[in-house]
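Worksheet: the structure to be examined is printed underneath.
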Amino acid sequence: MKNYALVFLFLLTPLSSLAATKTIVALGDSLTEGYGIALEKAYPALLEKKLKAAQKDIKVINAGSSGSTSASAESRLQWQLKSKPDILILALG
């Protein structure tokens, strides 16, 4: 049996206003957190690195937590939304 992850990308700011510094929050489980690897090799850090290389002024916040499930992520989601991110990546297995 194969395991699949469900990933959603939410654009929380109109595309027309993506000119200034923006924030992406990556909320998820151990895959987002980068469990077992160096933090700079987790996908949120790699995404930020690629965006900066493309001259994009975007900060990516790694809000991954090993063992997180859709049930436990709701409260973390509410907490992360208080920072008013421009984009939210939700990746839970």
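The values are calculated or read from the model by the stated rules, or taken from the named source; none is laboratory data. Just so you know, these numbers come straight off a predicted model, no measurement behind them. Cβ coordinates were reconstructed from backbone atoms using ideal geometry, including for glycine residues, and neighbour counts include every protein chain displayed. Surface accessibility is based on the protein's heavy atoms, side chains included, excluding ligands, DNA and RNA. Shrake-Rupley method; radii C 1.70, N 1.55, O 1.52, S 1.80 Å.
Report yes if some residue within the range 79-88 is assigned to a strand (DSSP E or B) and either modelled with pLDDT of 95 or more or in contact with a strand residue (DSSP E or B) (Cβ under 9 Å, 6 or more places away or on another chain) (or both); otherwise report no. Yes: one or more hits. Can you pull out every residue in the range 45-93 that is within 14 Å of residue 25 (Cβ to Cβ) and among the charged types (D, E, K, R)? Scanning the range 45-93 gives 48, 59, 76, 82, 84, 86.
Any idea how many residues of the range 24-61 are open to solvent by less than 60 Å² (accessible area, probe 1.4 Å), within 18 Å of residue 93 (Cα to Cα) and not in a loop (DSSP other than H, G, I, E, B)?
Looking only at the range 24-61, we keep the residues that are open to solvent by less than 60 Å² (accessible area, probe 1.4 Å), and these are 24-30, 32-34, 38, 42, 44-45, 47-48, 51, 54, 58, 60-61.
Checking the rest, the ones that are also within 18 Å of residue 93 (Cα to Cα) come to 25-30, 32-34, 42, 44.
Still in the running and not in a loop (DSSP other than H, G, I, E, B): 25-28, 30, 32-33, 44.
Going through the range 24-61 one residue at a time, the tally reaches 8.
Comparison of 83, 75 shows that the only residue that is of a type in the set (Gly, Ala, Ser) and in contact (Cβ under 8 Å) with a residue 60 or more places away in the chain is 83.
Which ones in the range 24-56 are at pLDDT below 90 and of a type in the set (D, E, K, R)? So that I can check it myself, show each step before the final result.
Pass one, the range 24-56, residues at pLDDT below 90: 54-56.
Passing the criteria: only 56.
So, in the range 6-23, of the ones that are at pLDDT below 75, part of a loop (DSSP other than H, G, I, E, B) and open to solvent by 60 Å² or more (accessible area, probe 1.4 Å), which residue ends up nearest to residue 93 (Cα to Cα)? Lay out the reasoning, then the answer.
Step one: list which residues in the range 6-23 are at pLDDT below 75, which gives 6-19.
Then keep just the ones that are part of a loop (DSSP other than H, G, I, E, B); that gives 12-14, 18-19.
From what is left, the residues that are open to solvent by 60 Å² or more (accessible area, probe 1.4 Å) are 12, 14, 18-19.
Numbers: 12: 22, 14: 28, 18: 29, 19: 32 Å.
For the range 6-23, the residue satisfying everything is 12.
Selection of the range 79-92 for residues being open to solvent by 70 Å² or more (accessible area, probe 1.4 Å) and within 19 Å of residue 42 (Cα to Cα) yields an empty set.
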